[in-house]
Amino acid sequence: MKALVLTGIKEFAIQDLSSPQIAPNEVLVNTAYAGVCGTDHDLYAGRPGSAPAVPPIVLGHENSGVVAAVGSEVANVKPGDRVAVDPNIYCGQCEFCLTQRPELCDHLSAVGVTRNGGLAEQFAAPATVVYKLPDNVSLKDAAAIEPISCAVHGVDLLKLRPYQKALVIGDGFMGQLFAQIVQAYGVHQVDLAGIFDEKLERNQKLFGVKEIYNTTREDIPEDSYDVIIEAVGLPQTQAQAVKAAKKGAQVLMFGVGSQEAHFEMNTYDIYKKQMAIQGSFINPLTFKDAISLLESGKMNVDPLISHELELEEVQDFLDGKIKGVSKAVVRVHTE
Ligand SMILES: NC(=O)c1ccc[n+]([C@@H]2O[C@H](COP(=O)([O-])OP(=O)(O)OC[C@H]3O[C@@H](n4cnc5c(N)ncnc54)[C@H](O)[C@@H]3O)[C@@H](O)[C@H]2O)c1
Ligand SMILES: [Zn+2]
Ligand SMILES: [Zn+2]
């Protein structure tokens, strides 16, 4: 099978690999689409994602496809089923798995990070992370289920109520997903701050966002929001998120900062405002909710997917040679 193999730091090669052998509890998937995201940028550059990727390895952790074969113990899917695959595999035995926080697992493995992923014609995964798709969710949109599921985990860590006014900082793919998800979870007003007029306006027109702020020329209001979701990961946007908090606010720090970065905040404000500042890591058992958001039409990701790439174009994309990308997915097999 054709595969795009990460062979070293910033080195890819198209190779002809043999099809993965599946264990009795595993599923073999013919890849349809594999989304490419910031984590792939990190892995390509030799930095860890949720875990380090050790070359040679096939990346691709946002995968959809059609089941090609199943092992003898697999009961949840059968050949021909259209599926999306949660990349993250938990050990089930460590302190964190045994206390209902599997995302913090000490022995996390992941499809497309620590084992071969979807940037190949086929990949294998344990049945426990393979989810059958509803008929009305396309295989292309299904490549967004993994990123949606990460945002759903962030939302799960907050207490959301209709009275709240929320601000999402970041008009990248994740920020735009949050703008829709927070409304689907009942918050009555969601505003969006970013740096691209076109993306900000699209969210107002298509996705029910109320106020927009282009932070290249406008300030985000301070002391104004009950819920703030930071989806950029820069010290200045993290500081803006905390400043935007009003009394009783919850701040979700979703963006991934660099390992050396720090930001300053007023420590008295944490007390005075009874502020909650919450981190969020990956997507424990949130795939079902993510699928249901697409199935119900509460979310629409199609307008956000701007590029369908070939395997051969992934390196150019990760090198920044393909411009104007909102979200890129790699089309491995078509529907
Ligand atoms: N916590 C998790 O589990 C998890 C999962 C997925 C992604 N993430 C992180 O979420 C963040 C966003 O992901 P993404 O895929 O949207 O990446 P992205 O690169 O598309 O997002 C960054 C976007 O933020 C916007 N931006 C940049 N500077 C800004 C500023 N000063 N003010 C407002 N907006 C600004 C830009 O539109 C940019 O495209 C990244 O840090 C990513 O690593 C976290
Ligand atoms: Zn990703
Ligand atoms: Zn574990």
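Return the only residue of ILE282, ILE305, ILE270, ILE291 being at pLDDT 95 or above, open to solvent by 50 Å² or more (accessible area, probe 1.4 Å) and β-branched (Val, Ile, Thr).
On the way: ILE282 fails: open to solvent by 50 Å² or more (accessible area, probe 1.4 Å); ILE305 fails: open to solvent by 50 Å² or more (accessible area, probe 1.4 Å); ILE291 fails: open to solvent by 50 Å² or more (accessible area, probe 1.4 Å).
The unique qualifying residue is ILE270.
Looking for whichever is in a strand (DSSP E or B), surrounded by 20 or more Cβ atoms within 10 Å (Cβ to Cβ) and of a type in the set (S, T, N, Q) here; the options are GLN250, GLN238. Which one fits?
From the options GLN250, GLN238, the qualifying one is GLN250.
Only one of (1) under 24 Å from HIS333 (Cβ atoms); (2) small (Gly, Ala, Ser); (3) within 16 Å of ligand 3 (Cβ to nearest atom) fails for ALA3. Which number is that?
(3)
Testing LEU200 on (1) among the aliphatic types (A, V, I, L, M); (2) in contact with a helix residue (DSSP H, G or I) (Cβ under 8 Å, 6 or more places away or on another chain); (3) surrounded by 16 or more Cβ atoms within 10 Å (Cβ to Cβ), one condition comes back false. Which one is that?
(2)
From the list PRO24, PRO79, PRO52, pick out the single residue that is in the same structural domain as SER306 (by TED's automatic domain parsing) and either open to solvent by less than 50 Å² (accessible area, probe 1.4 Å) or touching an Asp or Glu at 6+ places or on another chain (Cβ under 7 Å) (or both).
On the way: PRO79 fails: either open to solvent by less than 50 Å² (accessible area, probe 1.4 Å) or touching an Asp or Glu at 6+ places or on another chain (Cβ under 7 Å) (or both); PRO52 fails: either open to solvent by less than 50 Å² (accessible area, probe 1.4 Å) or touching an Asp or Glu at 6+ places or on another chain (Cβ under 7 Å) (or both).
Testing whether each residue is in the same structural domain as SER306 (by TED's automatic domain parsing) and either open to solvent by less than 50 Å² (accessible area, probe 1.4 Å) or touching an Asp or Glu at 6+ places or on another chain (Cβ under 7 Å) (or both) leaves just PRO24.
Taking the range 125-137, which residues are small (Gly, Ala, Ser) and open to solvent by 10 Å² or more (accessible area, probe 1.4 Å)?
Once the filter is applied, which keeps residues that are small (Gly, Ala, Ser) and open to solvent by 10 Å² or more (accessible area, probe 1.4 Å), the range 125-137 yields only ALA127.
Residue by residue, here is whether (1) assigned to a loop (DSSP other than H, G, I, E, B); (2) surrounded by fewer than 17 Cβ atoms within 10 Å (Cβ to Cβ) holds:
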residue	(1), (2)
VAL74	yes, no
VAL83	no, no
CYS91	yes, yes
CYS94	yes, yes
ASP106	yes, yes
ALA110	no, no
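Could you list, in sequence order, all residues of the range 148-171 that are within 15 Å of ligand 1 (Cβ to nearest atom) and either surrounded by fewer than 20 Cβ atoms within 10 Å (Cβ to Cβ) or part of a helix (DSSP H, G or I) (or both)?
The answer is ILE148, SER149, CYS150, ALA151, VAL152, HIS153, GLY154, VAL155, ASP156, LEU157.
Regarding the range 219-229, can at least one residue be identified that is touching a strand residue (DSSP E or B) at 6+ places or on another chain (Cβ under 7 Å), within 27 Å of GLU146 (Cβ to Cβ), at pLDDT 95 or above and among the hydroxyl-bearing types (Ser, Thr, Tyr)? Walk me through it before giving the result.
Let us first name the residues in the range 219-229 that are touching a strand residue (DSSP E or B) at 6+ places or on another chain (Cβ under 7 Å), namely 220, 223-229.
Retained after the next criterion (residues that are within 27 Å of GLU146 (Cβ to Cβ)): 227-229.
Of the ones still in play, those that are also at pLDDT 95 or above are 227-229.
Okay, now just the ones that are also among the hydroxyl-bearing types (Ser, Thr, Tyr), so none.
No, that holds for no residue.
The values are calculated or read from the model by the stated rules, or taken from the named source; none is laboratory data. Quick caveat: nothing in here was measured; it's all calculated off a predicted structure. So basically every Cβ, Gly included, is an ideal-geometry build from the backbone, and we count neighbours across all protein chains shown. Note: accessible area is taken over every heavy atom of the protein model, side chains too, but ligands, DNA and RNA are not part of it. Shrake-Rupley method; radii C 1.70, N 1.55, O 1.52, S 1.80 Å.
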